[in-house]
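The values are calculated or read from the model by the stated rules, or taken from the named source; none is laboratory data. Just so it is clear, the structure is predicted and the values come from calculations on it, not from any experiment. Every residue, glycine among them, receives a Cβ derived from its backbone with ideal geometry; neighbour counts consider all protein chains shown.
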Amino acid sequence: MNINNLHRWDLSPSEAAELQREFAARIDVTRPLPRCELVAGADVSYNRFSNTIYAAVVVIKVADGSIVETAGAIHETTFPYIPGFLSFREAPALLLAFGKLQTTPNAVMFDGQGIAHPRRLGIASHMGLWLQVPCIGCAKSLLTGKFQEPNKAAGSTSPLLDKQAVIGQVVRTKTAVQPVYVSAGHLIDLPSAVRVVLETCRGYRLPEPTRQAHLHINEMRRNAGPPQTLH
């Protein structure tokens with residue numbers, strides 16, 4: 001994949017917050033996504049107090065969930081673990097993995113937030129600016145906002161609100177299991193993001209793109225090699 005080079009990564013937390021506010025103004029969550037054939041799932045894994053980040057990207061076919069391509073990377077970060085700033089720890093490793101892909105997906109799904117973020121720049125929005133493809137946040141836990149619990153049936157949704165603004169949807173992907181938190185990242189609107197999440201669920205709580213990325217990371221960690229450097 002072609003990847004933009006937007007900024008350096010050796011930032012302080014205050015510099016990172018300033019960059020988030022600046023970049024949030026560039027985010028576009030108004031574009032409906034046409035039907036898509038290929039969706040990539042992206043995920044990272046690390047021990048909370050470790051600087052070694054494992055990243056995986058898996059491209060799947062929406063029609064049947066089959067895997068088209070996988071890529072992974074291991075990277076040493078210097079940015080501290082601070083909620084709300086995790087993209088500054090995780091994105092460099094993910095960019096290394098995306099840089100290995102031969103396939104350009106129609107959309108990318110991240111195990112994390114899009115604009116459902118205190119400064120409107122979660123990992124899916126931040127990475128969307130680097131990748132310039134439609135990006136979706138599909139998080140397992142709530143970062144910000146309030147909601148009413150959606151109905152128990154799979155496919156039920158409830159708006160995620162910050163004051164009066166809708167910043168995402170709480171989506172029940174499987175009947176009677178905990179919902180996921182879906183938000184648009186960049187170059188996609190919220191209804192399209194929810195549609196892609198539900199279209200790629202295949203009987204699990206997590207959609208297949210990010211579920212397969214998580215499985216790939218587990219395999220990487222079992223066969224870990226040396227960390228890589230993002231130039």
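Can we say Ile67 is of a type outside the set (Ser, Thr, Tyr) and closer than 21 Å to Cys138 by Cα? Here the answer is yes, as Ile67 does meet what is asked. Among residues of segment 114-129 that are over 17 Å from Thr210 (Cβ atoms) and touching a residue at least 12 places away in the same chain (Cβ under 8 Å), those with a beta-carbon under 8 Å from a residue that is part of a helix (DSSP H, G or I) and of a type in the set (A, V, I, L, M) at least six positions away or on a different chain give the pairs Ile115/Ala24; Arg119/Ala17; Arg119/Ala24; Arg120/Ala24; Leu121/Ala24. Summed over segment 88-111, residues that are part of a loop (DSSP other than H, G, I, E, B) and touching a Leu at 6+ places or on another chain (Cβ under 7 Å) total 3. Residues that are touching a His at 6+ places or on another chain (Cβ under 8 Å) and surrounded by fewer than 18 Cβ atoms within 10 Å (Cβ to Cβ) within segment 27-43 comprise just one, Asp28. Take Val170 and tell me if it is assigned to a strand (DSSP E or B) and either in contact with a Cys (Cβ under 7 Å, 6 or more places away or on another chain) or farther than 26 Å from Asp28 by Cα (or both). When the stated conditions are applied, Val170 does not pass them.
Please verify whether segment 115-138 includes one or more residues that are closer than 21 Å to Arg21 by Cβ, in a helix (DSSP H, G or I), aromatic (Phe, Trp, Tyr) and at pLDDT 95 or above. Within segment 115-138 (the criterion being closer than 21 Å to Arg21 by Cβ, in a helix (DSSP H, G or I), aromatic (Phe, Trp, Tyr) and at pLDDT 95 or above), the answer is yes, since at least one residue qualifies.
Residue-level check: of (1) closer than 24 Å to Ala17 by Cα; (2) in contact (Cβ under 8 Å) with a residue 60 or more places away in the chain; (3) not basic (Lys, Arg), Asp189 misses just (1). List every residue pair whose Cβ atoms sit under 7 Å apart, with the two residues 6 or more apart in sequence or on different chains, where the first one lies in segment 196-216 and is of a type in the set (S, T, N, Q) and the second, anywhere, is surrounded by fewer than 24 Cβ atoms within 10 Å (Cβ to Cβ) and not in a loop (DSSP other than H, G, I, E, B). Here the result reads Gln212/Ile67, each pair linking segment 196-216 to a residue that is surrounded by fewer than 24 Cβ atoms within 10 Å (Cβ to Cβ) and not in a loop (DSSP other than H, G, I, E, B). Answer yes or no: is there a residue in segment 135-150 that is crowded, with 19+ Cβ neighbours inside 10 Å, touching a residue at least 60 places away in the same chain (Cβ under 8 Å), touching a helix residue (DSSP H, G or I) at 6+ places or on another chain (Cβ under 7 Å) and under 21 Å from Leu33 (Cβ atoms). The answer is yes, given that some residue of segment 135-150 is crowded, with 19+ Cβ neighbours inside 10 Å, touching a residue at least 60 places away in the same chain (Cβ under 8 Å), touching a helix residue (DSSP H, G or I) at 6+ places or on another chain (Cβ under 7 Å) and under 21 Å from Leu33 (Cβ atoms). Residue count for segment 149-177 satisfying the condition of being of a type outside the set (D, E, K, R) and closer than 23 Å to Arg202 by Cβ: 16. Residues in segment 74-105 that are hydroxyl-bearing (Ser, Thr, Tyr) and in contact with a strand residue (DSSP E or B) (Cβ under 6 Å, 6 or more places away or on another chain) were compared, and the one that is nearest to Ala17 (Cα to Cα) is Thr77.
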